[in-house]
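Everything below concerns the one structure shown next.
The values are calculated or read from the model by the stated rules, or taken from the named source; none is laboratory data. Note that the structure is a prediction, hence the values are computed from the model and not measured. Positions of Cβ are backbone-derived with ideal geometry, glycine not excepted, and every protein chain shown enters the neighbour counts.
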Amino acid sequence: MPDNPHSYKETFERLYEIAEGQGGYFTPKQAAAAGFCRNNHSYHVRMGNWIRERRGIYRLAKFPPAERPDLMFWWLWSRNHNDVPQGVYSHETALSIYDLSDINPARLHMTVPRSFRRRGAPARLPVLHRANVHKDDIGKRFGVRVTRPLKTIADLLSTRTVQMDHMQQAVKQAFQRGLITRTELERAKRIPAAIKKEIEQLRGDQ
């Protein structure tokens with residue numbers, strides 16, 4: 001049975017407002033908060049109004065395709081019991097989001113809290129790094145949380161998962177574009193001195 005037709009327009013507008021900032025995606029709790037009855041969600045899927053991407057994640061069928069729908073999908077997947085996403089895109093993925101270097105990672109990389117737990121994880125899960133990221137090291141791109149450029153580069157220099165020629169390219173581009181400044185690097189208290197020195201070396205004379 002459909003929702004109350006007299007309030008459907010207002011209810012849909014509230015849901016659209018939520019989904020608009022999430023690339024057209026939304027969760028059952030968000031739909032309920034907008035005014036859609038929980039037991040009517042399957043009706044909207046059958047009618048072609050919503051697309052069920054997987055358990056707990058829907059998308060408005062007629063919403064324009066997002067530039068990076070994969071980022072929003074997996075970010076919403078990382079939500080906790082309070083429906084708050086816990087993931088922060090990091091490492092190789094963050095580098096590609098900022099378009100630093102020519103790196104093109106095959107899988108998404110996301111940092112989640114050490115206490116993060118999810119059941120029924122799908123096969124194509126992002127690479128999960130477990131750490132608590134400081135709020136000052138987090139930015140936002142494409143509507144999702146992502147580690148800031150300096151934090152991203154520091155993480156990659158620590159894990160050594162990216163070739164050094166790509167890292168040098170990323171460091172130089174980050175400084176040239178103002179994504180990292182010398183003052184920011186000097187004042188970064190959460191980055192080991194050895195990593196800061198390496199970033200300086202990779203930056204070279206600019």
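Considering (1) surrounded by fewer than 20 Cβ atoms within 10 Å (Cβ to Cβ); (2) in contact (Cβ under 8 Å) with a residue 40 or more places away in the chain; (3) among the hydrophobic types (A, V, I, L, M, F, W, C), the lone condition that residue 164 does not fulfil carries the number (2).
Just name the residue that is nearest to residue 202 (Cα to Cα) out of those in region 52-105 that are among the hydroxyl-bearing types (Ser, Thr, Tyr) and either in contact with a Leu (Cβ under 6 Å, 6 or more places away or on another chain) or touching a residue at least 12 places away in the same chain (Cβ under 8 Å) (or both).
First pass over region 52-105, keeping only residues among the hydroxyl-bearing types (Ser, Thr, Tyr): 58, 78, 89-90, 93, 96, 98, 101.
Filter once more, so that each one left must be either in contact with a Leu (Cβ under 6 Å, 6 or more places away or on another chain) or touching a residue at least 12 places away in the same chain (Cβ under 8 Å) (or both): 58, 78, 89-90, 93, 98, 101.
Details: 58: 44, 78: 34, 89: 23, 90: 20, 93: 20, 98: 18, 101: 13 Å.
If we take residues in region 52-105 being among the hydroxyl-bearing types (Ser, Thr, Tyr) and either in contact with a Leu (Cβ under 6 Å, 6 or more places away or on another chain) or touching a residue at least 12 places away in the same chain (Cβ under 8 Å) (or both), then 101 is nearest to residue 202 (Cα to Cα).
For residue 36, the criteria (1) at pLDDT 95 or above; (2) outside any helix (DSSP H, G or I); (3) not aliphatic (A, V, I, L, M) hold in every case but one, which is (1).
Scanning region 180-206 for residues that are of a type in the set (Gly, Ala, Ser) and in a helix (DSSP H, G or I) yields 193, 194.
Considering only residues of region 54-75 that are among the aliphatic types (A, V, I, L, M) and part of a loop (DSSP other than H, G, I, E, B), which is nearest to residue 141 (Cα to Cα)?
Start the filter on region 54-75 by keeping residues that are among the aliphatic types (A, V, I, L, M), which leaves 57, 60-61, 66, 71-72.
Then keep just the ones that are part of a loop (DSSP other than H, G, I, E, B); that gives 61, 66.
On the way: 61: 23, 66: 13 Å.
Looking at residues that are among the aliphatic types (A, V, I, L, M) and part of a loop (DSSP other than H, G, I, E, B), I get 66.
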